[in-house]
Amino acid sequence: MSSIAPAPPLIAAKQVVIENLIKQYGTLRALGGVSFRVNTGEWVALMGPSGSGKTTLINILGGLDTLTSGHVVVDGVDLSKLSESQMVRYRAEKVGFVFQQFHLVPYLTALENVMLAQYFHSVTDETQAEEALQRVGLGERLTHLPAQLSGGEQQRVAIARALINQPKIILADEPTGNLDSRSGDEILMLIRDLHQRLGSTVVIVTHDMKVAESCARTIALRDGRVEHDERRRPYSTASDSLEPETERMRGRERAGAPAALKGPQRAIEK
């Protein structure tokens, strides 16, 4: 089996290194020289208007699209150097995806949808998949089909699937975009709690300022370029304190309202 090509040592020092990234579709330039770096364990929001290049960028980071020129290095892997088979391995081993549309297989149960991600490693572990669903509060929904789950529950299945192979980086493209405000708050809180406990780097594409403000850092794109890059608090890995909105939700939980993480927190802390 061919190995994934390592990045040059200086570039590989960071979790994500993007240098002068250009993506061209015919005469359309979707990304026009994007450069930034992300430290291990950072929680980063990627914002910008429609057509700014956010989805193109996250697809390139996740190995779903290729770059035209420049450098993209993720966890020491230079994506421009990978063959097609190496790119498949990269996606399976390094990246966890959470999409706006959930992308669950409709005829598979919640448990089977999570186990599907394990097939890429040629190993399935039903107990591990059950534990992943318990972490996201779906221990009682293992045998439910997607049509039998709410939108928020379907997104939790997608999150469990993204985390099952313990990825180094989680890429979330508008994960709350198809949810009502309450479900969106719960999913955001869930991702943040898992981020703090597991320490994965998270890059989340969003149009929602509330989501962006929950992140330690916001990178804004416009017309395929970085417009600004703002850190709201000093980088301190995944142990950053929770934002006021998340604290408000915890207060609501303590007051007796239904909350997303009573189940997941117990499962994670065992």
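Remarks
- ³J(HN,Hα), Karplus 6.51/-1.76/1.60, whole Hz, each residue of the range 72-87, x for Gly, Pro: 10, 10, 10, 6, x, 9, 7, 5, 5, 9, 7, 6, 4, 5, 5, 5
- Residue pairs, from the table 23/54; 23/94; 54/81; 23/81; 14/81; 54/210, whose Cα atoms sit over 20 Å apart: 23/94; 54/81
- Ordering 159, 145, 199 by the projection of their Cα atoms onto the charge dipole of the range 99-220, which places +1 on the Cβ of Lys and Arg and -1 on the Cβ of Asp and Glu, puts 199 at the extreme positive end.
- Take 188-195, 16-23 and order them by the average number of nearby Cβ atoms within 10 Å per residue, most first; the result is 188-195, 16-23.
- Computed lengthening from residue 50 to residue 145, 0.36 nm per intervening residue step minus Cα-Cα distance: 30.9 nm
- For 66, 206, order by how many other beta-carbon atoms lie within 10 Å, fewest first: 66, 206
- Neighbour counting of Cβ atoms within 10 Å sorts the residues 87, 209, fewest neighbours leading, into 209, 87.
- Residue exposure sequence - 150, 80 - by fewest surrounding Cβ within 10 Å: 150, 80
- Cα gyration tensor shape for the range 130-212, rounded if a/c is under 1.5, else prolate or oblate: oblate
- On full extension, the segment bounded by residue 166 and residue 64 gains 34.8 nm, given 0.36 nm per residue less the C-alpha separation.
- Listed peptides 158-164, 221-227, 71-77 appear in the order 158-164, 71-77, 221-227 once ranked by packing, highest mean of other Cβ atoms within 10 Å at the front.
- Measuring r between the beta carbons of residue 81 and residue 108 and using R0 = 35 Å, the FRET efficiency lands at 0.50.
FYI, it's all coordinate maths here, none of it is from the lab. Note that the structure is a prediction, hence the values are computed from the model and not measured. Please note: Cβ atoms are built from the backbone with ideal geometry, for glycine as well, and neighbour counts cover all protein chains shown.
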